[in-house]
Structure formats: structure tokens, C-alpha cells
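Derivation of every value follows stated rules applied to the coordinates shown; laboratory data play no part. Everything quoted here is computed from the prediction, not taken from an experiment. Cβ placement follows ideal geometry from the backbone for every residue including glycine, while neighbour counts extend to all protein chains displayed.
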Amino acid sequence: ATEDLKIRQKIEDMMAYAYQALNQYPKHEKHSLVAETKASMLRLLKLTITCNKKYYKKTTLQELDIELDILRSYVRLGFNLRYLPPKKYEIWARMNDEIGRMIGGWIKAQKDK
């Protein structure tokens, strides 16, 4: 269970960083890319909490894995559109990669049960 809480903490840390990075996006993106990116992060957090509470986690873990991939695409898009400076993109991407590795470990642990 400590692994689950670690993932949740990492996601919360990533979100705190991301919210500040998203403030740099242009105003006209507030209701589109910014909103979608925030919604994706919130879904990620919600799915993590759901996984912590569920006995049968397999499908929720798959959804979590998919949601992280969606978030990665949004972050990459923000970078490609030059809304995110390279350094911020690098930090955010690294945080997402770490979360991805943790989710992968969680999925593997479930399979081994």
C-alpha cells in the first residue's frame, strides 16, 4: 500500500508543478489545452485513489496507464506549440516518466498476485 501512496504523492507533486507551468500558456488556450491538461491530471489522481480503494484493480490500472499517456501527449503538444519552455517541459516529462515507471511496477505487482 505504501507504493500506492507514493504514486499519489508523485502525481500531486507533478500537478503542483504543472499548474504553475500551465499559467504560461496563452490566454486563448485557457479553455482548451490548459483545461484538457488539468482534467487529465485530475483523472490521473482520481484513478490512483480508485486503485487504492479497489480490490480488483486490473482495469483501473489500465485506465491509469492510458490516462498518463494522454497527459504526456498534451504536455508534448504544449511544448511543440512553444507554450512550454524546454526546461519546464523536461522537468514535467521527467516527473511523468517516473509516475509511468511506478504505474508499470504497480501493474506488474498485480499480475504477480
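Worth pointing out:
- The coefficient of translational diffusion for the range 1-76, derived via Stokes-Einstein from the alpha carbon Kirkwood radius under 10 °C and 1.306 mPa s, stands at 122 µm²/s.
- Among 69-77, 36-44, sorting by the average number of other beta carbon atoms lying within 10 angstrom of each residue, highest first, gives 36-44, 69-77.
- Only lysines eight or more places from Lys108 in sequence, or on another chain, were considered; those with a Cα closer than 21 Å are Lys6, Lys10, Lys46, Lys53, Lys54, Lys57, Lys58.
- For the chain, averaging the sequence separation of C-alpha pairs within contact (under 8 Å, six or more residues apart) and dividing by the residue count gives a relative contact order of 36 percent.
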